[in-house]
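Input: a single structure, listed below in structure tokens.
The values are calculated or read from the model by the stated rules, or taken from the named source; none is laboratory data. Since we're looking at a predicted model, the values are computed, not measured. For neighbour counting, all protein chains shown are included, and Cβ atoms are generated from backbone atoms with ideal geometry for every residue, glycine included.
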Amino acid sequence: MSKSRKHAFNAQKEITRISSFIKSQIDDSHAKGVVVGISGGIDSAVIAALCRKALGSSKVLGVFLFEERSHKSQDFSDARLLAKNLRIKSLDLCITPVVDSFLKLLKSNDCRVSRLTLANIKARTRMVLLYAIANQRNLLVAGTGDRSENLLGYFTKYGDGGVDFLPIGHLYKTEVRALGTSLRIPYNIVTKPSSPNLWPGHKATHELPADYDLLDRILTLIFDSNEGPKEIREKIGAPEDLVRRVIKLNTDSKHKRQTPASIL
């Protein structure tokens, strides 16, 4: 289980704290700045805004890694507008040709590609492109994962989980939204349903056991207060089987949060 947190959430203090953390990561690595995959969602918007605050707009590069089908979507429009408002440079890299080449290769060798497998290919394609840019420009890849996703393993191993550092990895999704409000992220992004955007109509709540408001309350009680299913049911009315499912998701995804196993 994850370590409990000792401090109550305070948006302004977190902005200062995270900005200092970002700057130290860049200084310690002697990098020239950061690259951020901007999806049009709250997590990447907050990361881009925090990196700009910590480093200045000239040291932040936003990258749009959408499929061809998504170039007319609200997410794409929001991502572009965010980069413009933050006055950071951006690149638009359509991942469709790369993903199609993987599919063609796999299918030609009789390898079945399920929806989940395809989704992971897309996430890992984005990671490869971000690192290609980072390598060429001496940048670090700023991860956009939050504590809610990390504890549940709701990320692709070596995909969106493949990053250099996680500025909001200690914050629950509801806290990230509060941070977005303090950072004056557009309201429609702050309140937008979270989506990895890996297939049409994809929403995080389609795969997670509850919406983030309830989920974060459960996660807080489990990992910050060490409460069990019965105690959580009594405190907030969450069904015990839901709490057990959350615990199982954490246990089953343990390998995602660790370095690869080896014989010592």
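Scanning segment 24-58 for residues that are closer than 11 Å to residue 83 by Cα and either modelled with pLDDT under 95 or among the aliphatic types (A, V, I, L, M) (or both) returns 36, 38, 45, 48, 49.
Quick one: which residue in 130, 106, 151 is in a helix (DSSP H, G or I) and surrounded by fewer than 18 Cβ atoms within 10 Å (Cβ to Cβ)?
Values: 130 fails: surrounded by fewer than 18 Cβ atoms within 10 Å (Cβ to Cβ); 151 fails: surrounded by fewer than 18 Cβ atoms within 10 Å (Cβ to Cβ).
Being in a helix (DSSP H, G or I) and surrounded by fewer than 18 Cβ atoms within 10 Å (Cβ to Cβ) holds for just one of 130, 106, 151, which is 106.
Reported count of residues in segment 67-90, each being aromatic (Phe, Trp, Tyr) and outside any helix (DSSP H, G or I), is 0. So which residues in segment 226-263 are under 21 Å from residue 153 (Cβ atoms) and of a type in the set (Gly, Ala, Ser), if there are any at all? Correct list: 228, 238, 253, 261, 262.
Hey, any hits in segment 26-34 for a residue that's within 30 Å of residue 246 (Cβ to Cβ), of a type outside the set (Asp, Glu) and assigned by TED's automatic domain parsing to the domain that holds residue 90?
To start, the set of residues in segment 26-34 that are within 30 Å of residue 246 (Cβ to Cβ) comprises none.
The answer is no; no qualifying residue exists.
Scoring residue 149 on the criteria (1) closer than 17 Å to residue 167 by Cα; (2) over 14 Å from the mean Cα position of the chain (by Cα); (3) among the acidic types (Asp, Glu) leaves a single failure, condition (2). Given the conditions (1) surrounded by 20 or more Cβ atoms within 10 Å (Cβ to Cβ); (2) without any contact (Cβ under 8 Å) to a residue 40 or more places away in the chain; (3) part of a loop (DSSP other than H, G, I, E, B); (4) aliphatic (A, V, I, L, M), and given that residue 168 satisfies all but one, which numbered condition is not satisfied? All conditions are met except number (2). Residues considered: 145, 159. Of these, the only one that is surrounded by 18 or more Cβ atoms within 10 Å (Cβ to Cβ), in the same structural domain as residue 49 (by TED's automatic domain parsing), of a type outside the set (Lys, Arg) and in contact with a Phe, Trp or Tyr (Cβ under 6 Å, 6 or more places away or on another chain) is 145.
For segment 171-203, which residues satisfy the criterion of being part of a loop (DSSP other than H, G, I, E, B) and at pLDDT 90 or above? Let's see the steps before the verdict.
So the first thing to find is which residues in segment 171-203 are part of a loop (DSSP other than H, G, I, E, B), and the list is 171-172, 183-186, 191-203.
Those that are part of a loop (DSSP other than H, G, I, E, B) and at pLDDT 90 or above: 171, 172, 183, 184, 185, 186, 191, 192.
Inspect all residues belonging to segment 171-187 and state whether any of them is of a type in the set (Gly, Ala, Ser) and either outside the structural domain of residue 144 (by TED's automatic domain parsing) or out of contact with any helix residue (DSSP H, G or I) (no Cβ under 7 Å at 6 or more places or on another chain) (or both). Looking for residues that are of a type in the set (Gly, Ala, Ser) and either outside the structural domain of residue 144 (by TED's automatic domain parsing) or out of contact with any helix residue (DSSP H, G or I) (no Cβ under 7 Å at 6 or more places or on another chain) (or both), one finds none in segment 171-187, hence no. Where helices (runs of 4 or more DSSP H) sit wholly within segment 204-262, those with at least 1 residues that are surrounded by 11 or more Cβ atoms within 10 Å (Cβ to Cβ) and under 26 Å from the mean Cα position of the chain (by Cα) occupy 212-223, 240-252.
Among 228, 169, 201, which is of a type in the set (Gly, Ala, Ser) and at positive phi?
Numbers: 228 fails: at positive phi; 169 fails: at positive phi.
Sole residue among the options that is of a type in the set (Gly, Ala, Ser) and at positive phi: 201.
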